[in-house]
Amino acid sequence: MAEIESISNLIAEINPNYKKGPAEEHTIIYDSSSETLEPVYFWILDYMNNMFKKKVIKIVDNFTSSPGSGHFGELGQRASIMQQQASKIMGDVNIVLKSILNLIYDLREFQLRLSHYKGLKSSKKEEKEASMLALKQIWMDNVDIKRGRGSINMLAQDLQFVTIRDAFMIIEDEKLKGPDGNILDLNDRVKRILEPRIKEFNDWVKRSEIEMKKRYEIEKTYLKSQVASLKLYSQWAKPYLRAAQQLSMGEQGRRPELVTAFNTIALELTLLGRSEFDIKDAIDNRDYDEKGLPYEFRKINFKRKYYSCVIIDFMFRGIPQRVSPQQSHYAFGGRAEVTMRAYSLNDEELKMLDQKLEKSSLQESLKLVEGMTEESISQIQSDIDEFLKEDDKKEEVRKEDTNPFLALFGFYKNGESKKQEDKKKDDKKIEKIDKDNYAEAIVRKRAEAEAMKNCFNIFDIYKKAHGMESVPFEKPAK
């Protein structure tokens, strides 16, 4: 009940005109142990879809069962199964994600090493010398060190070959020439050691560059496969995570209708239907409709759109009854209370309502699901793009970035999903809403009158369609 009441409070907070309540309100209460909520809900939903051209959204969907009911245990088991499946798949997701992180770190190291080989072919003397020194250091630390006491580092340290390390770093070719082109003045023992080492180093540079490029391409290919696996596992996990969250029940609290030992369930549903108020049409039909707008309004540029909104709350208290012993489906007979409220809101107020709902517990579960499968991906998206896009450049760049990871996950060129792009365009955070000017206030009143008419029609036609007592005459306009 608290969440349904909070919708009215949120609207009153956004638009102070509704602090005293909606523009119009009607309530239908139907109590029958044999009738269920489904026919009531779907009749009203279908009627609203026709009225608002399918611009109807569900903003509240909660249920709570008393702990003593069979329904409580049945749904608890289903939720546990969904949680176990999701947990298993998310474990696989974490393993693949760790593998991707390790691959990215390895590829970074390969990029750094390949930059040294690239520097050897540079026309800049300083860059070429720096690359050569870096490769010699790598060779001594990773290749030559395997000789043990015969390595250059150990010879300089233990056997007092003081000049051998510096000479190796300076020598440019097997003839033991220095940077100035002259042969270094070294004793014969040092020369006999350095000549084969320089030849070995030069061979290592050529072969290691080839092997490093092969390894780099293999790692990139493996990264692609791991990214595809991550995408697949995440797609598998989402339905289970979402289902487990939807099957979780709301807090029982102090609600008097939910007695622990009773076989009881409470349902809460809220629908929001809206239709844009057509200002141009209201001006054109002024001569035929007393609610039309003055012709002078054609000259006004309205920056905000106004909507006729109807919010319908369903409160249901029922007794879950198993349809048959062989089936796990339940039917709910009980008391249905349907409240219909009329409002007039502009596009800024509707966006602010969405923002406030996002902050509330109504959308917390969906955020959790999205975060578990997408947020970790977006953090490393730029790194993945960097490596995978290299292949696109080699293929003369495709018209659009068709990175399989991005496309299948819903991400696009800038590493963001389409939802995120739409939010940036349409959901700019609104901190404050300006008051209506004179013309806007008139338009809002006309939209409100339309909302009141729609609200009453839903109430009146539902009662007539179901043989209930209703207003025998047309409702006078306010």
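Just so you know, all these numbers are worked out from the coordinates, no wet-lab data involved. Note that this is a predicted model, so its numbers are computed, not measured. Because the Cβ atoms are built from the backbone with ideal geometry, glycine has one as well, and the counts that use them run over all protein chains shown.
Pop the C-beta distance of Y295 and S32 into the FRET formula with R0 = 41 Å and round what comes out to the nearest 0.05.
The computed FRET efficiency comes out at 0.20.
Greater than 22 Å separation of Cα atoms is the criterion. Which listed pairs, K305/K435; K356/K453; K20/K435; K351/K435, meet it?
Values: K305/K435 14 Å; K356/K453 27 Å; K20/K435 18 Å; K351/K435 16 Å.
Pairs exceeding the cut-off: K356/K453.
By how many nm would the segment from L232 to L159 grow when fully extended, if each residue of separation counts as 0.36 nm and the alpha-carbon distance is taken off?
Stretched out fully, the L232 to L159 stretch lengthens by 20.4 nm.
Please list, in chain and number order, the residues 5+ apart from G333 or on another chain whose amide H is under 5 Å from its amide H, with Hs placed from the backbone.
I319, Q321
Stretched out fully, how many nm does the piece from W43 to K199 gain, at 0.36 nm a residue minus the Cα gap?
47.5 nm
How big is D, in µm² s⁻¹, for the stretch 92-239 by Stokes-Einstein at 20 °C and 1.002 mPa s if Rh is the Kirkwood radius over C-alpha pairs?
Once the numbers are plugged in, D ends up at 119 µm²/s.
Using r as the Cβ-Cβ distance of L120 and K54, and R0 as 56 Å, what FRET efficiency do you calculate, to the nearest 0.05?
E(calc), rounded to 0.05, equals 0.30.
Assuming 0.36 nm per residue, please report the length gained on full extension of the stretch E109 to I430 beyond their Cα-Cα distance.
111.1 nm
Modelled label-to-label distance, S225 and R189, 7 Å Cα→beta-carbon offset: nm?
5.3
Round to a whole angstrom and tell me the spacing of the C-alpha centers of the stretch 29-51 and the stretch 189-212.
For the stretch 29-51 versus the stretch 189-212, the Cα centre distance is 84 Å.
So, counting K/R as plus one and D/E as minus one, what does the shell of residues with Cβ under 14 Å around G467 add up to?
Working: positive: K463, K464; negative: E35, D460, E469.
Every neighbour counted, the sum reads -1.
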